[in-house]
Amino acid sequence: MSEINTLAFTKMFLHLAKYPELAVNGILLGVRSNSANDEADSSYLNFVDCIPLFHGVLSLSPMLEIALSQIDAYCSTRNLTIAGYYHANENYSDPNPNFTALRIMEKIKENNPNAVLLMIDNTLVDLNENDRFYNVFTLTDKTWKNVNETHIVNDESRLSALSLVKRNQHRQIIDFDNHLDSISNDWRNPNIRNELNATSF
Amino acid sequence: MQSAIEKLRKYRDENYRAHDEIIELWTNVLSNRNLSSLGDEKWLILEQIFKSALHCSKQSIARQCLDQLEKQFKRTSRRVSTLNAMYYESIEEYGHAEEIYASLLEDNETDAIVRKRQISLLKEQNQIREAISELNSYLELYQADQEAWSELCDLYLSEHDYTKATFCAEELLLINPHNHLNHERYASIRYSQGDYDKARTYYFSTLKINPSNIRALYGVILTSTNLSIKNPSTASKTQASNDTNQSFIEQIQWAREQIIQKYREAIPDLLPVIETAIQSLTL
């Protein structure tokens, strides 16, 4: 089971909107489950934030290692954990996870076996018609399994995402590539959080 | 209107990618103005709006621009024919587009732009292997085309064929050895292959050209760490081997200090995260 909040959903959407012609990927952060809590719910994922990673070439490992080490460090001070990974292929009509997605998911699952893949599907990208723009997959022994029916999206998310794109916030979102190009670009994207707080429904 | 024209000019000259903004400028400012006062620039602008409209799936705007261009330059114009084929590409009539490109090439087989559009057609239909094959043929003739080498490199990377991607990255290094980005890209591909030694060499050559390249500074830390892990210092190893490890450690330290300095100046509140991250990488 998994759910996603407005902030994570919106940041992901903004990243896609910023680079519509390229493959993009990123990390979803979840609340770290307390082991003292109900054991049965330890696989419940609650996505509360999103860190966009790269655009264009997604298959080079050094900067991925750098990004994951920084995101890990960021998570440990906030009781968060890397709980998901999103991936959009370059080709408009290809919604299938590829080898790059497989490798990165395997790496993420080393630290969090419950992590899931949110695979962007361009046929769903019209948020006036759909409540989400991706399919959710688990990975077991190199096999993907669609688990869409176990993923919950709240009503507000798609409205927020549409609203922020309309306000051209997709031009403001920073991914890890942007950060490495110029480190004053903040991959934590505090501005987006502020924009969302200024939005009310 | 003047500032819109200037902005469009800037985007054309600097090859800026801002298609949604360009369409906004068209819709809000330019579409109901008379552009004849701009002389020849009018046609460049129409072509620019046309291409951006295709990128934004605004086929009706693209059609308007294309109609005006066809009226002016007639259908016999190669440039307008190419735009017409691009229009077909955008509505997924790939066969129609290919017919136009094939006929344009029959008339002039040296038309590099049309050849590259044919390769794009393959890419759009997810025929990556065929695109790679055609691009290789293209590059046998146009060996100095940096854009093409870069595209081929990316295609190989998407197929995880690091060996062939390395070859393309090497061509780019040969064509332009003074571009720090080429060195860094080459290093990162080598790293992804597991060749930490080569990667480290080229991260250093990147820094020689541009000491502020953050990716290269991080690359020095990653490669030196990986190399010293492969070469653990023990009493039984030679002095030379232990000295090598010592120099790895010094270089990691140096790169770390460079990075910390830059973060301190640019984005100090991210510094604790960075320091923890580097610590975890070099453990």
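The values are calculated or read from the model by the stated rules, or taken from the named source; none is laboratory data. Model, not experiment: these values are computed from the prediction. Virtual Cβ from ideal backbone geometry, glycine too; neighbours counted across all protein chains shown. All accessible areas refer to the heavy atoms of the entire protein, side chains included, with ligands and DNA or RNA removed. Shrake-Rupley method; radii C 1.70, N 1.55, O 1.52, S 1.80 Å.
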query: Which pairs have Cβ atoms under 6 Å, sit 6 or more apart or on different chains, and link a residue in segment B:256-280 that is facing chain A (nearest Cβ under 10 Å) to one that is open to solvent by 50 Å² or more (accessible area, probe 1.4 Å) and among the polar types (S, T, N, Q)?
result: B:266/A:184; B:267/A:184
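Does residue B:185 meet the test of being open to solvent by 30 Å² or more (accessible area, probe 1.4 Å), within 11 Å of another protein chain (Cβ to nearest Cβ) and within 30 Å of residue A:74 (Cα to Cα)?
The answer is yes for residue B:185.
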- prompt: Do the conditions hold for residue A:146, that is, is it among the polar types (S, T, N, Q) and modelled with pLDDT under 95?
  reply: no
message: Quick test of your reading of the structure: residue A:88 fulfils all but one of (1) more than 10 Å from chain B (Cβ to nearest Cβ); (2) small (Gly, Ala, Ser); (3) surrounded by fewer than 20 Cβ atoms within 10 Å (Cβ to Cβ). Name the failing condition by number.
response: (3)
field: Given (1) among the polar types (S, T, N, Q); (2) more than 28 Å from residue B:186 (Cβ to Cβ); (3) within 11 Å of chain B (Cβ to nearest Cβ), index of the condition residue A:81 fails
entry: (3)
message: For the condition without any contact (Cβ under 8 Å) to a residue 24 or more places away in the chain and either open to solvent by 70 Å² or more (accessible area, probe 1.4 Å) or within 25 Å of the chain's Cα centre (by Cα) (or both), what is the one hit in B:89, B:70, B:93?
response: B:93
- request: Would you confirm whether any residue within segment B:32-51 is within 14 Å of chain A (Cβ to nearest Cβ) and open to solvent by 20 Å² or more (accessible area, probe 1.4 Å)?
  value: yes
message: One residue is enough: does segment B:150-160 have a residue meeting the conditions in a helix (DSSP H, G or I), under 30 Å from residue B:84 (Cβ atoms) and away from every other protein chain (no Cβ under 13 Å)?
response: no
- prompt: Is it the case that some residue within segment B:231-246 is within 14 Å of chain A (Cβ to nearest Cβ) and β-branched (Val, Ile, Thr)?
  reply: no
query: Quick one: what pairs do we get from segment A:1-20, first residue under 13 Å from residue A:51 (Cβ atoms), second open to solvent by 20 Å² or more (accessible area, probe 1.4 Å) and not in a helix (DSSP H, G or I), C-beta under 9 Å, 6+ apart or different chains?
result: A:7/A:48; A:8/A:48; A:14/A:172; A:15/A:55
field: Which listed residue, of B:249, B:209, is more than 14 Å from chain A (Cβ to nearest Cβ), more than 26 Å from residue B:157 (Cβ to Cβ), open to solvent by 30 Å² or more (accessible area, probe 1.4 Å) and not charged (D, E, K, R)
entry: B:249
- prompt: Looking at A:180, A:139, A:118, A:124, which one is within 14 Å of another protein chain (Cβ to nearest Cβ) and at pLDDT 95 or above?
  reply: A:180
message: With the requirement that a residue be open to solvent by 50 Å² or more (accessible area, probe 1.4 Å) and either in contact with a helix residue (DSSP H, G or I) (Cβ under 9 Å, 6 or more places away or on another chain) or at positive phi (or both), what does segment A:163-181 give you?
response: A:167, A:171, A:172, A:181
statement: Per the list (1) open to solvent by 30 Å² or more (accessible area, probe 1.4 Å); (2) not in a loop (DSSP other than H, G, I, E, B), residue check on residue A:102 breaks on (1)
task: For residues that are touching a residue at least 24 places away in the same chain (Cβ under 8 Å) and not hydroxyl-bearing (Ser, Thr, Tyr), scanning just segment B:152-167, find the one that is farthest from residue B:195 (Cα to Cα).
output: B:155
